[in-house]
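First the structure, in the form of structure tokens, and then the observations on it.
The values are calculated or read from the model by the stated rules, or taken from the named source; none is laboratory data. These numbers were taken from a predicted model, which means no experiment stands behind them. Quick reminder, even Gly has a Cβ in these numbers, built from the backbone with ideal geometry, and neighbours come from all protein chains shown.
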Amino acid sequence: MATFTWFDGEVPNGTKITQVYGLVFTPDGRMLIIGKDKKDRVEYSLIGGTPEDFDVDKEATLRRELLEEANTALGNEIHMVGYQLVDEENGIPPYAQVRMMAMIDSIGPSQPDPDNGQTYQRILTTPDRVIELLKWGTTGEKQVKAAVQMAKQYFGISSHLDKEEIV
């Protein structure tokens, strides 16, 4: 059974990065997540995905994934929050799933993801609601709370609009 361990900060050299996901904020302090339609429910997720060979770095992966999945552009600053170290306990070296935070610059019209043609729900909501919708337990809560602290530090976000909306 795989184990997931959360670490603040940068991924150690030599650790493979398999995912880059964003904890992204609006100026009013809300966060953007996506909802993917499943057979009998909606599954919520951060926006992001797998680094591609043409991505020059983690930031490029995050920017590309936000445009592809949510037609959302980020501002100039992107900061590393931390990573989940995943050990599948199968003899393969553990790998990292990166989490970064940034301020949203703009959200364009909803459009299909070029990778699979699916159009996702885009939800702006409070950090507490993000924790609830992701259903990632303590690890997810640590990620969101770390990003909220960083949003205060880097962007001066000290509160959030208590309004949820699909954009």
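A few notes on this one:
- Scanning the stretch 11-30 for residues that are polar (S, T, N, Q), closer than 15 Å to LYS58 by Cα and assigned to a loop (DSSP other than H, G, I, E, B) gives ASN13, THR15.
- Scanning the stretch 19-41 for residues that are polar (S, T, N, Q) and more than 24 Å from GLN149 (Cα to Cα) turns up nothing.
- Residue satisfying condition, being under 28 Å from ASP37 (Cβ atoms), touching a strand residue (DSSP E or B) at 6+ places or on another chain (Cβ under 9 Å), free of Cβ contacts under 8 Å to residues at least 60 places away in the same chain and of a type in the set (Gly, Ala, Ser), within set GLY108, GLY75: GLY108
- Close Cβ contacts (under 6 Å, 6 or more residues apart or on different chains) running from residues in the stretch 23-38 that are in contact (Cβ under 8 Å) with a residue 24 or more places away in the chain and among the aromatic types (Phe, Trp, Tyr) to residues that are part of a strand (DSSP E or B) and buried (at least 16 other Cβ atoms within 10 Å of the Cβ) comprise PHE25/MET31; PHE25/MET103.
- Within the stretch 121-136, the set of residues being free of Cβ contacts under 8 Å to residues at least 60 places away in the same chain and touching a helix residue (DSSP H, G or I) at 6+ places or on another chain (Cβ under 6 Å) comprises ILE131 only.
- Being modelled with pLDDT under 95 and out of contact with any Lys or Arg (no Cβ under 8 Å at 6 or more places or on another chain) is a property that does not hold for GLU68.
- Against the conditions (1) of a type outside the set (A, V, I, L, M, F, W, C); (2) touching a Phe, Trp or Tyr at 6+ places or on another chain (Cβ under 7 Å); (3) surrounded by fewer than 22 Cβ atoms within 10 Å (Cβ to Cβ), TYR83 satisfies every one except (3).
- Residue in the stretch 150-164 that is farthest from MET103 (Cα to Cα), counting only those that are surrounded by 12 or more Cβ atoms within 10 Å (Cβ to Cβ) and out of contact with any helix residue (DSSP H, G or I) (no Cβ under 8 Å at 6 or more places or on another chain): ASP162
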